[in-house]
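Engineer: Have a look at the structure that comes next, please.
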Amino acid sequence: MYKFRGHERYAPLLTALLIQAFQAMSEELTRICGKEIPKPLWRPDALTYVPVSEERLAERGFNQAERLAAGLATAARIPCVDLLQRQINTGKQSFKSRAERFETMKHAFSIHPEGFELITKIWNDKGHRGSQNPETHPQNLATIFRRMNHSPVPQSSDQINNADTALQILIIDDIYTTGSTLDACGQVILAAAKNAGIPVDIYTLTLARS
């Protein structure tokens, strides 16, 4: 109802549910990392969200994933970055097969240059300024993005799966169906990170699964 009818009064309730899910996720990942509660819980370095097309934004008046991410970011005091932008309107996916959805989403997203500059700053502030690729200087970012538009998206960024060395990015969306949308978003981020020489771990969190 919140998504399709624009009843924005439900936003605080749904955000509260997402915050609960995030807390459970943090505790679980902390255990997986071998830490004991109540030691510092796992937390990402930045949040981002799945963008919608301009057509869908005009239709709804808001992006529900962005609203959820902003609410969680405020509650958890984590930067929320406009890291992705939608290149094409993929239309409704409900009647497509899993394979068709993955194919449709392959080229649906691209990196938002200004958002990636902020991600680079967060990476530098984490203490890895010396390991940054020189090309990630703001004046060289446009070259990277032009090159990426004509390059295949890698399956990984050769990231080091360690919260102390890799940048942790959490992608927020409202509903998980086949995973094609989140997979496409993650691959775009990994491609940008690899070109910039920044190791990244991608995590995803949704409000519901259909």
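Engineer: Residue 168 - would you say it is assigned to a strand (DSSP E or B), polar (S, T, N, Q) and under 12 Å from the mean Cα position of the chain (by Cα)?
Structural biologist: Judged against the criteria, residue 168 is a match.
Engineer: Can you tell me which residue in the range 161-180 is surrounded by the fewest Cβ atoms within 10 Å (Cβ to Cβ), limited to those that are farther than 16 Å from residue 69 by Cα and either touching a residue at least 40 places away in the same chain (Cβ under 8 Å) or hydroxyl-bearing (Ser, Thr, Tyr) (or both)?
Structural biologist: 161
Engineer: Please state which of the following conditions residue 40 fails to meet, knowing it meets all the rest: (1) modelled with pLDDT of 75 or more; (2) over 18 Å from residue 173 (Cα atoms); (3) surrounded by 14 or more Cβ atoms within 10 Å (Cβ to Cβ).
Structural biologist: In the conditions (1) modelled with pLDDT of 75 or more; (2) over 18 Å from residue 173 (Cα atoms); (3) surrounded by 14 or more Cβ atoms within 10 Å (Cβ to Cβ), residue 40 misses (3) alone.
Engineer: Right, another one. Are any residues in the range 173-210 among the polar types (S, T, N, Q) and outside any helix (DSSP H, G or I), and if so, which ones?
Structural biologist: Answer for the range 173-210, where residues must be among the polar types (S, T, N, Q) and outside any helix (DSSP H, G or I): 177, 178, 204, 206, 210.
Engineer: Any idea which of 18, 47 is among the hydrophobic types (A, V, I, L, M, F, W, C), closer than 19 Å to residue 207 by Cβ, within 20 Å of the chain's Cα centre (by Cα) and assigned to a helix (DSSP H, G or I)?
Structural biologist: Answer to the selection: 18.
Engineer: So, one more: Could you list, in sequence order, all residues of the range 115-137 that are outside any loop (DSSP other than H, G, I, E, B), exposed (fewer than 15 other Cβ atoms within 10 Å of the Cβ), at pLDDT below 55 and not charged (D, E, K, R)?
Structural biologist: Once the filter is applied, which keeps residues that are outside any loop (DSSP other than H, G, I, E, B), exposed (fewer than 15 other Cβ atoms within 10 Å of the Cβ), at pLDDT below 55 and not charged (D, E, K, R), the range 115-137 yields 130, 131, 134.
The values are calculated or read from the model by the stated rules, or taken from the named source; none is laboratory data. Since the model is a prediction, treat every value here as computed from it, not as a measurement. No Cβ is skipped: glycine too gets one built from the backbone with ideal geometry, and neighbour counts run over all protein chains shown.
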